[in-house]
1. Just to check your reading of the model, which residue among THR76, THR66 is of a type in the set (Ser, Thr, Tyr) and either free of Cβ contacts under 8 Å to residues at least 40 places away in the same chain or assigned to a loop (DSSP other than H, G, I, E, B) (or both)?
2. Can you tell me which residue is farthest from the chain's Cα centre (by Cα) among those in the stretch 92-118 that are over 16 Å from LEU128 (Cβ atoms) and of a type in the set (S, T, N, Q)?
3. List the residue pairs whose Cβ atoms are under 9 Å apart, where the first residue sits in the stretch 169-185 and is surrounded by 15 or more Cβ atoms within 10 Å (Cβ to Cβ), the second is part of a helix (DSSP H, G or I), and the two are 6 or more positions apart or on different chains.
4. Given the options THR47, THR80, name the one that is over 16 Å from the mean Cα position of the chain (by Cα) and either closer than 26 Å to ASN179 by Cβ or exposed (fewer than 14 other Cβ atoms within 10 Å of the Cβ) (or both).
5. Among ALA138, ALA209, ALA222, which is under 19 Å from the mean Cα position of the chain (by Cα) and not assigned by TED's automatic domain parsing to the domain that holds ASN100?
6. So, in the stretch 1-12, of the ones that are exposed (fewer than 12 other Cβ atoms within 10 Å of the Cβ) and part of a loop (DSSP other than H, G, I, E, B), which residue ends up modelled with the lowest pLDDT?
7. When only residues in the stretch 13-29 that are surrounded by fewer than 19 Cβ atoms within 10 Å (Cβ to Cβ) and assigned to a loop (DSSP other than H, G, I, E, B) count, which is nearest to the chain's Cα centre (by Cα)?
8. For TYR36, work out the one condition from (1) farther than 25 Å from PRO71 by Cα; (2) modelled with pLDDT under 90 it doesn't fulfil.
Amino acid sequence: MGAKWSDNVTVTLTSDGTSFRYQSNGLPSHDLAKAYLVPIGQEQPFTNFEIKATDGFVKASPIDVTIPLTPVYSETVTQTSLGMIGVMISGAPLFNDYENPQRSIVAMDDQHIQDGAAFLDSCNGHPLQQGNSYHYHASPPCVTQTVDTGGEHSAMIGVLLDGFPIYGPQGDAGTIVGNADLDECSGHLGRTPEFPAGIYHYHLTTKDAPYSIDCYHGKVDASLVNAAMGGGPRGGGPDFAAVAQTLGVTQHALMDALGAQMPPNFKAAASALGITEEALRAAMPPPPN
């Protein structure tokens, strides 16, 4: 893959050579803030917070996910969901811009600081309310400053779940890339240090929203998207096997019904599963912050 993966990340090719397996402890390799401003309750926008010291609060949330090695560009885009949308070289996941399923509250524009503790740290990341799944909502300077060179295109800092690479805000000759330079999914076709012949790739931006990536322009497996909602497959997200057991359906049927669109159409999913919408909503965990 050519990226400078941190020591807490293991990347291995699958036996058929079509995908790669990414494993990490879910924690970033860089330092965290000493404390985080954590919302109290689920009502949004958040107005009530408590300060949580990082030690003893932020915890490892292992990630183990298989991603296509040869991504396929699609003219039809798929919205990214709340939760993990990509994996980063630091070992932590990437989330999209938003704090709510309605996609109306942008995390980077909803920063709060109280008594020296911030909602988002200087790396543009934070944990979920339970202290799990530390993640980024924008380009993380703690990562880009270790791999980028002034006057040059950003180095690869991650991979989206569709398989296309993720870069920081520097474009050709080190120019800062803005949303006007990118498509609706914050990507474009061009040469990069790792792909000199050119490839479709995403940029995390620093000027204005969207700072992260709001849709996939590559074909992405619906079950992978749903499994990632809330933190990451086997990594701090919802236990869909448990949800399926609660509802008396198979996990495969549950994920097929939910589909790749987030937030899901609960009414249609419930109908496909032969259950009530109320039962489905009750069995599903609340969205991540």
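1. Numbers: THR66 fails: either free of Cβ contacts under 8 Å to residues at least 40 places away in the same chain or assigned to a loop (DSSP other than H, G, I, E, B) (or both).
Checking each option against the conditions leaves just THR76.
2. Looking at residues that are over 16 Å from LEU128 (Cβ atoms) and of a type in the set (S, T, N, Q), I get GLN114.
3. PRO169/THR144; GLN170/THR144; GLY171/ASP181
4. Details: THR80 fails: over 16 Å from the mean Cα position of the chain (by Cα).
That would be THR47, the only listed residue that is over 16 Å from the mean Cα position of the chain (by Cα) and either closer than 26 Å to ASN179 by Cβ or exposed (fewer than 14 other Cβ atoms within 10 Å of the Cβ) (or both).
5. Working: ALA138 fails: not assigned by TED's automatic domain parsing to the domain that holds ASN100; ALA209 fails: not assigned by TED's automatic domain parsing to the domain that holds ASN100.
Only one candidate qualifies: ALA222.
6. Filtering the stretch 1-12 for residues exposed (fewer than 12 other Cβ atoms within 10 Å of the Cβ) gives 2, 7, 12.
Of the ones still in play, those that are also part of a loop (DSSP other than H, G, I, E, B) are 2, 7.
On the way: GLY2: 72, ASP7: 92.
Of everything passing the filter in the stretch 1-12, GLY2 is modelled with the lowest pLDDT.
7. ASN25
8. Evaluating TYR36 over (1) farther than 25 Å from PRO71 by Cα; (2) modelled with pLDDT under 90 leaves (2) as the failure.
The values are calculated or read from the model by the stated rules, or taken from the named source; none is laboratory data. Small disclaimer: the values here were computed from a predicted structure and weren't measured. Note that each Cβ is placed from the backbone with ideal geometry, even for glycine, and that neighbours are counted across all protein chains shown.
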